[in-house]
1. Would a scan of segment 131-144 turn up a residue that is within 13 Å of the chain's Cα centre (by Cα) and either modelled with pLDDT of 70 or more or at negative phi (or both)?
2. Can you name the condition, by its number, that Asp7 falls short on among (1) surrounded by 13 or more Cβ atoms within 10 Å (Cβ to Cβ); (2) farther than 30 Å from Gln114 by Cβ?
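The values are calculated or read from the model by the stated rules, or taken from the named source; none is laboratory data. Quantities reported herein were computed from a predicted structural model and do not represent experimental measurements. All Cβ positions, glycine included, derive from the backbone under ideal geometry; neighbour counts span all protein chains shown.
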Amino acid sequence: TLELFADRYERGLGIDVNQAMLTYARARLARTGRNNAQVRHGDIYALSIGDGTADAIVMHQVLHFLSDPALAIREAARTLSPGGKLLIVDFAPHDLEELREDHAHRRLGISAEQMTAWLNRANLVLERHDVLDPPWLKSRKGLTVSMWLARSGQPANTLTFKSKALQ
């Protein structure tokens, strides 16, 4: 994600609990010459970032692994500056039970209703929700990805759906 958004930030920070992933990320950043980004070991439930200091946070394909996604979202919200943005990318609900056993998924996707509740409890305003069907599947079956864009502020009262990807 740091590579994907590299042209959109002055200083980027990636946090992971897995040392192997950090080693991999550091190598990729070094290979691409990204001097404005770093990765460090950290706990998604207790970020070592001050209150209101992050302009943007991306949680990419992580919530379905967590025991308490709502806590992780609240912790991210704590670190967002006024008007700061949170982009969450994760799987939409599915029935691929084997992902629990084979890949340690705790949830089989996240529903729009569940995400809206979590964002509301974290005092985040849902600005956009996009559903990205797998384009390579003509039958439209398989894993679908959802993207939620929220900002710090008052709870959302409505849920809106878009059919196009975030721009």
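1. No, there is no match, as no residue in segment 131-144 is within 13 Å of the chain's Cα centre (by Cα) and either modelled with pLDDT of 70 or more or at negative phi (or both).
2. Condition (1) is where Asp7 drops out.
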